[in-house]
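A short write-up of the structure that comes next.
The values are calculated or read from the model by the stated rules, or taken from the named source; none is laboratory data. Source: prediction; values computed, not measured. Heavy atoms of the whole protein, side chains included, go into the accessibility calculation; ligands, DNA and RNA do not. Shrake-Rupley method; radii C 1.70, N 1.55, O 1.52, S 1.80 Å.
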Amino acid sequence: MKIALMDSGIGLLPAAAAVRRLRPDADLVLSWDPDGMPWGPRTPQDITQRALAVCEAAAAHGPDVLIVACNTASVHSLPVLRARFEPDLPIIGTVPAIKPAAAGGGHVAIWATPATTGSAYQRNLIEQFAAGAAVTEVACPGLADAVHHADESAIDAAIASAAARTPEDVTTVVLGCTNYELVGERIRAAVQRPGRPPLALHGSAGAVAAQALRRIGAEPAPAAVADTTLTVLLSGRGATLPDTALSYEEGRFLQAVTSVR
């Protein structure tokens, strides 16, 4: 079994780690685009062109399924990607976890990139899954890029800015960009108010990994023997996991349990 993941940057690491935990015996292909980062400020047409190129690089390695582990690409590019690759290569998009967040009750904040915040795509998800719930959209300029570059001071500044714009009565935060899952606990600490109930965080990595397996008729097998490879493609070039990826727990986990090639 071979599972590919694409993103603009290292936001694909949480979903890749989730796949690895569900199927340690699956080969992984990680394809992202350091040459084009960040995608958020680009036009939808530019994003789709970059996404197609990153997916083409991954598809050349013959995966059974390809996870679009990027909210921005899922917002703007899924129809084009599916038209290009399906049915031969199933494409799994990433949807912000608005439905489970709203089901928990309370005031929900959706942290996302400026490109996703306020988009028709996200607004439709809110109307479909959180009608009647208190929902605040919080744009987080610079956070995805700071996480990608593991820039600690920039991460702190971007999180502090978004937290200051998050209502004090929020009980749940949806991590509407896959990069944010890499700093989820830092986000929780910034938003948690003294004396308030513990803040709930909702990411997408686990659900996306499970959906990819279902799409190809595979069951989770977390006890399977981990004799697999990890292929890394940076803007189409073969590489190893960069130091920025290894600064996060998910990147170190992937390197520790697979042979990188």
(request) Per DSSP H run of n ≥ 4, the term is -39500 (n - 2.57); total these for the chain, divide by its residue number, and report the mean residue ellipticity at 222 nm rounded to 500 deg cm²/dmol. (result) -12000 deg cm²/dmol
(request) Quick one: P(r) of the chain from all Cα-Cα pairs, 10 Å bins, percents rounded to integers, in order of increasing distance. (result) 7, 32, 37, 20, 4, 0
(request) Kindly express, to the nearest 10 degrees and within the range 0 to 90, the angle between helix 152-164's C-alpha long axis and the longest C-alpha principal axis of the chain. (result) 40 degrees
(request) Among DSSP beta bridges lying fully in the chain, give the percent that are antiparallel, nearest 5. (result) 10 percent
(request) Run the accessible area of the chain with a 1.4 Å probe and give the carbon-and-sulfur part as a rounded percent. (result) 53 percent
(request) Give the long-range amide H neighbours of V138: residues separated by 5 or more places, or on another chain, with amide H under 5 Å away, using H modelled in the peptide plane at 1.01 Å from N. (result) I110, W111, A112
(request) Could you let me know the centre-to-centre spacing of region 194-237 and region 103-117, using Cα atoms, in angstrom? (result) 21 Å
(request) Would you please report the Å³ per residue occupied by the convex hull of the alpha carbon atoms in region 1-75? (result) 75 Å³
(request) With everything on Cα atoms, drop me the angle between helix 44-59 and the longest principal axis of the chain, reported from 0 to 90° to the nearest 10. (result) 40 degrees
(message) If you count only protein heavy atoms with a 1.4 Å probe, what accessible area per residue comes out for the chain, rounded to a whole Å²?
(response) 41 Å²
